[in-house]
Each structure stands twice: as structure tokens, then as C-alpha cells.
Number of protein chains: 2
Amino acid sequence: MSEAEARERLLGLRFDADVVDVLVAHFADAERRGKVGHGFARIEWLATLELDPSARPVLVESEEGFERWDGHGALGYLVLDEIVRATLAHPPGRARVVVARRCFPTGTLGYWVRRLAEGGLVAALTATSPKRLAHPDGGPPLAGTNPLAIAIPSSDGPALVADVSMGAVTAGDVLVGRAGDDELVPFGGKDAHKAFALAVGLELLVSALAGPEHGAVLVVARPDHDPVPALRALAAGRRLPGDR
Amino acid sequence: MSEAEARERLLGLRFDADVVDVLVAHFADAERRGKVGHGFARIEWLATLELDPSARPVLVESEEGFERWDGHGALGYLVLDEIVRATLAHPPGRARVVVARRCFPTGTLGYWVRRLAEGGLVAALTATSPKRLAHPDGGPPLAGTNPLAIAIPSSDGPALVADVSMGAVTAGDVLVGRAGDDELVPFGGKDAHKAFALAVGLELLVSALAGPEHGAVLVVARPDHDPVPALRALAAGRRLPGDR
């Protein structure tokens, strides 16, 4: 699917043009980075959801160091886009914790934190999704794949962006047939208890702050130091997280 | 080594009694949880460091949503103990980011966030340590084992505490001879690039805020929901992160 086709299809789902811009920009970025499970394939999946295409997120509570948003029926992509734009427009003096309730789906979290880092902010973001990861000992799914994305601005070029899902494969990989459902387990093989613990910890962190529906928690801060160039020098050309 | 012997040895290193209490409480907790690499074995290692036993951490900057501490030559254990006690005494109305520069060693991070959760706060903590994890493709160490610990209070009993180091073994395991130096790689086998990405992301997050010396970043918030009991019910008796 081309960007133009994606745009047409989304307009056909009755999304406004500004919303379509947000969605296409995210899907196209995912395609460029090879994360096709978060790319244009999501549009057919969106068409199966019961959505209010006119819904918009709401800023419920706003302090210097804390914000609470409510998705209010809008797609999680739109919630995070609003939060990123609002944060870049009014960055914290030091740091801010941003909680988003009813924020799903959220796509590739690296995309949102990269934009914050390109605006000069350090950012860490996690989000919950349907429970798909079972305990390594078995039983029902207890946690979503709950990625953690961290982005750090760099004076020498692009931000460094680590974006790690706790699943051995992503739900998106399953969606586009790149992986089987049975491969959706905590990553790490014999160390899977570690990825499981991270998934459970992040799940509960978000749930304790954002409530039982899928949500997101973002931490943004102004950096006081510029550690990426020294790490790149030490890595001597090896691919670092988020490099294309 | 018994607690009494540990106390004697630390007093012999010229630490004050209140400092000895903090150190022994941490080491004893690590021993009880089987994390012996963070237990009493550390005392002989402390004896090899050049330390000012009278050094104390300093609160450098304090706002409702942000604090900056400086270890000021004190052991990281003392810095985190001060931060935990100060945070419990004056918890944030909503959320707070706490940055600690010159904060090493920090021990088992789960110990500090558990205390915050027992005081009713959600907490996430990470800290840097000497670079020991190389890129999965090889080369020099680029990141510490940089654990991430997350604790969530629960109305039905103990807090849930996820405490995950990004190394396949801990530096402490190597210290006490439980593991070889060559096992200190990012965890996850064929998925090691994921643990490596998390280690690098956390390393740079801390470095961007706390500077080039080892530091720590803590996020604390008041929970609005109580998600642990439902997860415990769903887990149906399976061991969850932090359970003894």
C-alpha cells in the first residue's frame, strides 16, 4: 500500500484530514524502519474496530511536573501525537510525568520518543496492550508485550532510540503473518523470566496510574549532559539502538 | 557472615552507627532474597575502595515534581536510603522525577523501590554501574548491567516488585564466584540485542540527567488504582516478580 492509498482508505473510514496526516506519518515511519506490523497493514485492522472518527484526546489535569490525559475514544496514536506536540510546545523546566488513560493502540513507541528527543528532550515511554504474555511456567496471558522506549538527544546527529517490546515477537508480526501466535512469549529463552518481570512491572505501573483500560506513561526531562557522542565513538561504528 | 559480624566489620571501616544500620539492612535483605552477590560479601569489596566514611548525600535542587541529589562522596546505598526516606516523608502530590549524580554502588534496586511501595507509592528506579556489557556483535563494553526496578503497592499484601538487570548474570554473581566474567553479557541469548538496547537506553537516560559518573534516576507517583490483586488472582498462585 502506498501513502496515497493509505490516505484514501483512512479518509474512507471518515477520519478528518488532520487525523489522517497523523496516522499516515506514523505508519509510513514504521514501514521505513521495517516494522511493517505497525505500518499500513494496521489500516485494515483499524477498519474492524468500532471507532468514533471524530474523537479527540482531552488534557484532564496539568501541572508543571505532571499531566493526565484521557484518550476519550480517540485512537492511541492521536493521544500520543497530541501529547508529543503539547510537550514540545510547553516543555517542562526540569521533568514531567505524563499519564494517558484510554490510550490504545500506540504503535511503535520509538516514533513518539524520537520526536521528543529531536525537540531536545530525554523521554521514556511505556504503554499497555491486550494481555498476550503468559508466565514462563504457563497459564493464561498475564501481561501485554508492553514496550519500553527511551530516546536521548545527541549533539552529533540523530537521537539514540531504544524501543524494546517484552515479547519475542510483536503482536504486529503475528497480525501480518510474520510470526505464529505461539511465538508471542516473553523474549529471552531461558532468561524469559526477566522479560516477563519487566512486562508485568510495566503493566502494573501503567495500570496503577492510568486505570484498567490500556494506557501509557511518559517521562520527559531536559538533559543536562550529552552522552551519546562518546558512546557512538566507543561503539566504533557498530549499530546502536534506533539506527537505520 | 552474621549481621553482628557485618556490623563489627563496617564499624571497623570507620562508618558511623547510623550508616552501618543502613548498609546492614540492605545487605541482610539481599542475603534473605538469595542475592548474595549484593549481600555481606560486598563488605570486603567496600574495604578495598577509597571512601570517606563521613560523606553524606546532598539535596541540590528541590521542586514538587523534580529533585536533584549529589552523592557527594557517600556510598550509593546511602544516597538511595536518604532519597527513599525523604520521599516517604514528603511524597509528591502526583509524581516526581529524582535524579542522583555520583550514586554508586546502589545494590539491589528492588530493595529501595519496595520501601517506597510499602509507603504507598508507585516507583521505578534505574542506575548505572561500570560498563560490562558489550554489543552483541562484539567490541568493548558499552553499558553497565543497569537494572530497572518497578514496585507497585497492593491492597492485598506485599508490593509487587520487578527488579531486572540487563546482564545474563550480575556483577555480584561474578564477585562471589557464582559466575564467570565471560557470562556477563546482555541476557536473552538470540534476543540479547533487546537487553542490550535496554541497557544502552537506561545508561544514556541516567547519563543525560546525572552526568558522566554513575548515577540513578527514580520516578515516583501516587497510584490512582490498585491493579495487583486482580493480577495475583489471574496468576492463580504462580510466582510473580519479587515474591519470596
| Looking only at segment A:158-168, which residues are at the interface with chain B (Cβ under 9 Å from one of its Cβ atoms) and not small (Gly, Ala, Ser)? | A:Leu160, A:Val161, A:Asp163, A:Val164, A:Met166
| message | Taking the criterion of being in a loop (DSSP other than H, G, I, E, B) and either under 24 Å from B:Ala235 (Cβ atoms) or without any contact (Cβ under 8 Å) to a residue 12 or more places away in the chain (or both), would at least one residue in segment A:102-110 satisfy it? | response | yes
| So which residues in segment B:157-178 are of a type in the set (Gly, Ala, Ser) and outside any strand (DSSP E or B), if there are any at all? | B:Ser165, B:Ala168, B:Ala171, B:Gly172, B:Gly177
| note | Of (1) in contact (Cβ under 8 Å) with a residue 12 or more places away in the chain; (2) closer than 30 Å to A:Ala86 by Cβ, A:His225 satisfies every one except (1)
| remark: Checked segment A:179-205 for anything assigned to a loop (DSSP other than H, G, I, E, B) and small (Gly, Ala, Ser); matches are A:Ala179, A:Gly180, A:Gly188
| said: Filter segment B:144-157 down to the residues that are surrounded by 16 or more Cβ atoms within 10 Å (Cβ to Cβ) and either more than 9 Å from chain A (Cβ to nearest Cβ) or of a type in the set (Ser, Thr, Tyr) (or both) and list them by number. | reply: B:Gly144, B:Thr145, B:Asn146, B:Pro147, B:Ser154
| B:Val98 vs. criteria surrounded by 15 or more Cβ atoms within 10 Å (Cβ to Cβ), in contact with a Ser or Thr (Cβ under 9 Å, 6 or more places away or on another chain) and more than 28 Å from B:Val169 (Cβ to Cβ) | yes
| request: Among the candidates A:Gly76, A:Gly34, single out the residue that is of a type in the set (Gly, Ala, Ser), at positive phi and within 18 Å of the chain's Cα centre (by Cα). | output: A:Gly34
| field | Complete set of residues in segment B:124-143 that are more than 7 Å from every other protein chain (Cβ to nearest Cβ), touching a strand residue (DSSP E or B) at 6+ places or on another chain (Cβ under 7 Å) and either β-branched (Val, Ile, Thr) or surrounded by fewer than 24 Cβ atoms within 10 Å (Cβ to Cβ) (or both) | value | B:Thr126, B:Lys131, B:Arg132, B:Ala134, B:Pro136, B:Pro141
| message | Just to check your reading of the model, which residue among B:Ala208, B:Ala230 is surrounded by fewer than 24 Cβ atoms within 10 Å (Cβ to Cβ), hydrophobic (A, V, I, L, M, F, W, C) and in a helix (DSSP H, G or I)? | response | B:Ala230
| In this structure, does B:Gly237 turn out to be facing chain A (nearest Cβ under 7 Å), over 28 Å from A:Arg222 (Cβ atoms) and not charged (D, E, K, R)? | no
| field | Enumeration of residues in segment A:57-88 that are in a loop (DSSP other than H, G, I, E, B) and in contact with a helix residue (DSSP H, G or I) (Cβ under 6 Å, 6 or more places away or on another chain) | value | A:Pro57, A:Gly71
| query | What are the residues in segment A:169-207 that are without any contact (Cβ under 8 Å) to a residue 24 or more places away in the chain, among the aliphatic types (A, V, I, L, M) and within 7 Å of another protein chain (Cβ to nearest Cβ), if any? | reply | A:Ala197, A:Leu204
| Yes/no for A:Ser54 being more than 17 Å from the chain's Cα centre (by Cα), of a type in the set (S, T, N, Q), over 21 Å from A:Arg178 (Cβ atoms) and assigned to a loop (DSSP other than H, G, I, E, B) | yes
| query | In the set A:Arg56, A:Arg94, A:Arg114, A:Arg102, which member is of a type outside the set (A, V, I, L, M, F, W, C) and on the phi > 0 side of the Ramachandran plot? | reply | A:Arg102
| said: Go through (1) in a helix (DSSP H, G or I); (2) not assigned by TED's automatic domain parsing to the domain that holds B:Arg115 for B:Leu240 and report which single condition fails. | reply: (1)
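The values are calculated or read from the model by the stated rules, or taken from the named source; none is laboratory data. Values in this document were obtained by computation on a predicted structure and should not be read as measured data. Because the Cβ atoms are built from the backbone with ideal geometry, glycine has one as well, and the counts that use them run over all protein chains shown.
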